[in-house]
Amino acid sequence: MKIDGVPYQSIWRGADGSVRVIDQSRLPFEFATVELARVEDAARAISSMMVRGAPLIGATAAYGLALGVREDPSDTAIESAAAMLAGTRPTAHNLAWALSRMRGTLVGVPLSARAEAAFSEAAAICAEDVEQCRAIGVHGASILRRLALAAPGRPLNILTHCNAGWLACVDWGTALAPVYRAHDDGIPVHVWVDETRPRNQGASLTAFELAAHGVAHTVIADNLGGHLMQRGRVDVAIVGSDRTTASGDVCNKIGTYLKALAAYDNGVPFYAALPLSTIDWSITRGEQIPIEQRPESELTHVTGQIETGGLATVRVVPIASRALNLAFDVTPARLVTGLITERGICEASVQGLRQLYPGLGSAG
Ligand code: MRU
């Protein structure tokens, strides 16, 4: 996607072979790119949320492992680099998926060839993610096209939660890929952007992306979605996913479940968009998903731009109060109208996923 006319992906290799990312903790006010020189840098970038979003976490871990292998290609070093990366964030399945794929690639490769093999596999993971997200966009746009036909003469109102755009992936995004595809195809769309407290990925990142691409959007308080649905002002909700069970339960940014409940109560279609790397075939129940608990400070403080231009962090909760910062929740499959994947759209169920991915759904 483009920023000021310049095409970017969220992670890339420079001409000198360096691995670079966008520092998302500074967006939307400062656009800075950062080099990840060592595996420790990649681990820190993931845990601090300089990079975030399930597919990008996986892609960064893949390059992180490659950086580690470049320093030391021994089996022991690979084990410890993979353990360091795996411990950064527990919920997004893409992280374990990418690390397992990277380690599998290196089995039997001579030490002298491991770094090259690792970088090439990390690049393949990124390229596949781009293609999968592009395909999610095509499939999801078919839903938006159909809904738009039922709403002639006005933009289609799409609600999304958190940031599941190109910044959360390598390019295109998951939930936002259908929006970009539809917009580029000339379908008039308008996006309700949940601010997504505590870290405001909606207000900061989704709004930034949509503005940069020229997509009409309005940032709303997280709690407004239900009211807008009651008043008929949401045609469809599309969210991403950090981990989807083999039975179609969808784990995503905290607050997603409440949006799904409101959508269900108001007859608003509720879709989750996700690539294969997000599906955890080993589990069938949402409560088996580890939910990340992040620092209280993310809830007790907010960061924004001050009038003189710099960034500042201020406290918004009394000093004596404790805060509970659980980062994700699970939306049961029964509340999900459908899953939009790179292979097409399916019911959120064991059968639905098995039809799209025959041979993969071993659980349940
Ligand atoms: O905590 P984050 O910002 O990594 O959470 C991101 C989300 O919840 C996204 O919706 C999810 O990763 C789907 S991404 C394409």
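The values are calculated or read from the model by the stated rules, or taken from the named source; none is laboratory data. These numbers were taken from a predicted model, which means no experiment stands behind them. A quick note on method: Cβ atoms are made from the backbone with ideal geometry, for glycine too, and the neighbour counts reach across all protein chains shown. When the accessible area is computed, the model is the full protein with side chains, heavy atoms only, and any ligands, DNA or RNA have been set aside. Shrake-Rupley method; radii C 1.70, N 1.55, O 1.52, S 1.80 Å.
In this structure, does residue 294 turn out to be under 24 Å from residue 57 (Cβ atoms) and of a type in the set (Lys, Arg)? Yes.
For residue 289, state whether it is modelled with pLDDT of 95 or more and surrounded by 13 or more Cβ atoms within 10 Å (Cβ to Cβ). Outline the logic, then answer.
Details: modelled with pLDDT of 95 or more: yes; surrounded by 13 or more Cβ atoms within 10 Å (Cβ to Cβ): yes.
Criteria met by residue 289.
Looking at 171, 222, 184, 194, can you tell me which residue is more than 16 Å from the ligand (Cβ to nearest atom) and in contact with a helix residue (DSSP H, G or I) (Cβ under 9 Å, 6 or more places away or on another chain)? Walk me through how you get there before you give the answer.
Details: 171 fails: more than 16 Å from the ligand (Cβ to nearest atom); 222 fails: more than 16 Å from the ligand (Cβ to nearest atom); 194 fails: more than 16 Å from the ligand (Cβ to nearest atom).
Exactly one of 171, 222, 184, 194 is more than 16 Å from the ligand (Cβ to nearest atom) and in contact with a helix residue (DSSP H, G or I) (Cβ under 9 Å, 6 or more places away or on another chain), namely 184.
Yes/no per residue for (1) assigned to a helix (DSSP H, G or I); (2) modelled with pLDDT of 95 or more; (3) surrounded by fewer than 11 Cβ atoms within 10 Å (Cβ to Cβ); (4) not assigned by TED's automatic domain parsing to the domain that holds residue 174:
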position: 319; (1), (2), (3), (4): no, yes, yes, no
position: 323; (1), (2), (3), (4): no, yes, no, no
position: 348; (1), (2), (3), (4): no, yes, no, no
position: 352; (1), (2), (3), (4): yes, yes, no, no
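Contact map, the range 245-267: residues that are without any contact (Cβ under 8 Å) to a residue 60 or more places away in the chain paired with residues that are open to solvent by 50 Å² or more (accessible area, probe 1.4 Å) and not in a loop (DSSP other than H, G, I, E, B), Cβ distance under 7 Å, separation 6+ or inter-chain. Pairs shown: 266/230.
Taking the criterion of being over 16 Å from residue 356 (Cβ atoms), open to solvent by 10 Å² or more (accessible area, probe 1.4 Å) and among the hydrophobic types (A, V, I, L, M, F, W, C), the residues of the range 235-286 that qualify are 254, 258, 261, 262, 268, 283.
Of all the numbered requirements in (1) assigned to a loop (DSSP other than H, G, I, E, B); (2) in contact with a strand residue (DSSP E or B) (Cβ under 7 Å, 6 or more places away or on another chain), residue 178 misses one, and that requirement is (1).
In the set (1) modelled with pLDDT of 95 or more; (2) open to solvent by 30 Å² or more (accessible area, probe 1.4 Å), the condition left unmet by residue 311 is number (1).
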